[in-house]
1. For region 175-224, give me the residue count where each residue is farther than 20 Å from Ala94 by Cα, more than 16 Å from the chain's Cα centre (by Cα) and of a type outside the set (Gly, Ala, Ser).
2. Consider region 185-222. How many of its residues are outside any loop (DSSP other than H, G, I, E, B), open to solvent by 10 Å² or more (accessible area, probe 1.4 Å) and either among the aromatic types (Phe, Trp, Tyr) or under 22 Å from Asp109 (Cα atoms) (or both)?
3. If you go through region 121-137 one residue at a time, how many are farther than 17 Å from Leu170 by Cβ and either hydroxyl-bearing (Ser, Thr, Tyr) or not in a strand (DSSP E or B) (or both)?
4. What helices (runs of 4 or more DSSP H), lying completely within region 47-100, carry at least 1 residues that are open to solvent by 10 Å² or more (accessible area, probe 1.4 Å) and within 16 Å of the ligand (Cβ to nearest atom)?
5. Return the pairs, sorted by first residue and then second, in which the second residue is open to solvent by 50 Å² or more (accessible area, probe 1.4 Å) and among the basic types (Lys, Arg), the first residue lies in region 294-310 and is in the same structural domain as Ile379 (by TED's automatic domain parsing), the beta carbons are less than 7 Å apart, and the residues are 6+ apart or on different chains.
6. Can you tell which of Leu274, Leu269, Leu278 is open to solvent by 50 Å² or more (accessible area, probe 1.4 Å), outside the structural domain of Arg366 (by TED's automatic domain parsing) and at pLDDT 95 or above?
7. Name the pairs: first residue in region 52-73 and more than 13 Å from Pro266 (Cα to Cα), second residue at pLDDT below 95, Cβ to Cβ under 9 Å, at least 6 apart or on different chains?
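The values are calculated or read from the model by the stated rules, or taken from the named source; none is laboratory data. Here the structure is a predicted model, which is why all the values come from computation and not from measurement. All Cβ positions, even for glycine, are placed from backbone atoms using ideal geometry, and neighbour counts span all protein chains on display. Please note that ligands, DNA and RNA were not included when accessible areas were found on the heavy atoms of the full protein model with its side chains. Shrake-Rupley method; radii C 1.70, N 1.55, O 1.52, S 1.80 Å.
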Amino acid sequence: MTDFAHTRTMFDLPEGVIYLDGNSLGPLPRAAKDRVARAIADEWGQMLITGWNKAGWMDLPARVGDRVGRLVGAQPGTVVMGDTLSIKVYQALASALELRPERRVILSDTGNFPSDLYMAEGLCRTLGADYALKTVVPEAVEDAIDDHVAVLMITEVDYRTGRKHDMARLIAKAHAAGALVVWDLAHSAGAIPVDLTGANTDFAVGCSYKYLNSGPGGPAFIYVAPRLADKVRPALSGWLGHEAPFAFDLDYRPGAGIERMRVGTPPVLQLAALDAALDVWDGVDMADLRARSLELQDMFIERVEAACPDLTLATPRDHKSRGSQVSFRHAQGYAIMQALIAEGVIGDFRAPDILRFGFTPLYLSREDVAQAADILCDIMTSGRWDRPEFHTRAKVT
Ligand SMILES: *Cc1c(COP(=O)(O)O)cnc(C)c1O
């Protein structure tokens, strides 16, 4: 059994805060704090440019990629870190489209994160007027897969509602129709068990600053199935994806396998933070994590529904159909969330009316969750949320 009391001690959380926003930005692992301090002082400070070899900076994207890969069911050598998720979405899509030159449609759903849709639109514009992004409501995705679809681009867990797609089923359907698949694991990696190899996906991407706790701006990851890794042409053909970057050839030749998905200089300090943050996972069994996450979610839903009927559950009740977050709707959701944050319970708000709560057993106890629900309901029944200061919108919600 995973010792969640132990993993909790591995995080540096501020006193008096119940953090239900690890789905947006994971908290600081103690090891990351020390590791980054050492990377700055001992590596950057002392080694200067020799750190690329001596401290192994150049190998970090692949080495750390393997550690992330283990958490999403990817074989060693199939995941590499770098850039932000939006960039990785673009790369995966562009490579996938090239593998289906006779088709022109990217299929996605209206529950997808806007950046994924924007990147797809932008890519279609670049490729030409005959390329199109088609979106349908999440429930209609399966039926919309036909032999016009080049690429099915799906975010497994909906960032607003926490609704989860059936990955294996959609992949099987897409492959049967001759389409390729790109899975966005932003709200899956470190949140729920994922088996990329078993599901036979083509491409997958995800970020590290949410459930993997790499810190603000931490790099994204990309997975390419081994059967495709030496076939795909990287659309963003940067020098570090070249077969021999330090030959400084004038022509691009893609590197071996997943290495070709690298673009430019890796974010060494962020990768050091992520590398240390991944130590937390060493003793964690994903099945235990999932079971505890669902237990915490159910507790929260039950308590909130019993004491504050004005909040409407937006997350599916069926365990199979949800990720690791719970969302409620309320027309005054923004102000309610601000009041909650002011009282030490941190979640977030997504327009137009979603209050979002992430459940991360690594550092959240049952007591935390019960207390958070009680504070939320007390704010609702007392009307404390309706103060002018809670209605002022900040830039980041
Ligand atoms: C968080 C998130 C992003 C963010 O992309 P960045 O480029 O890292 O800012 C993209 N897509 C999804 C599905 C997300 O949840």
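1. 1
2. 1
3. 11
4. Where helices (runs of 4 or more DSSP H) fall fully within region 47-100 and carry at least 1 residues being open to solvent by 10 Å² or more (accessible area, probe 1.4 Å) and within 16 Å of the ligand (Cβ to nearest atom), they are 85-98.
5. Cβ pairs passing all conditions: Leu296/Arg366; Met299/Arg366.
6. Values: Leu274 fails: open to solvent by 50 Å² or more (accessible area, probe 1.4 Å); Leu278 fails: open to solvent by 50 Å² or more (accessible area, probe 1.4 Å).
From the options Leu274, Leu269, Leu278, the qualifying one is Leu269.
7. Filtered contacts from region 52-73: no entries.
Quick grid of which residues meet (1) in the same structural domain as Gly241 (by TED's automatic domain parsing); (2) among the acidic types (Asp, Glu):
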| position | (1), (2) |
| --- | --- |
| Val17 | no, no |
| Leu20 | no, no |
| Leu25 | no, no |
| Arg35 | no, no |
| Met47 | no, no |
| Asp66 | yes, yes |
| Thr84 | yes, no |
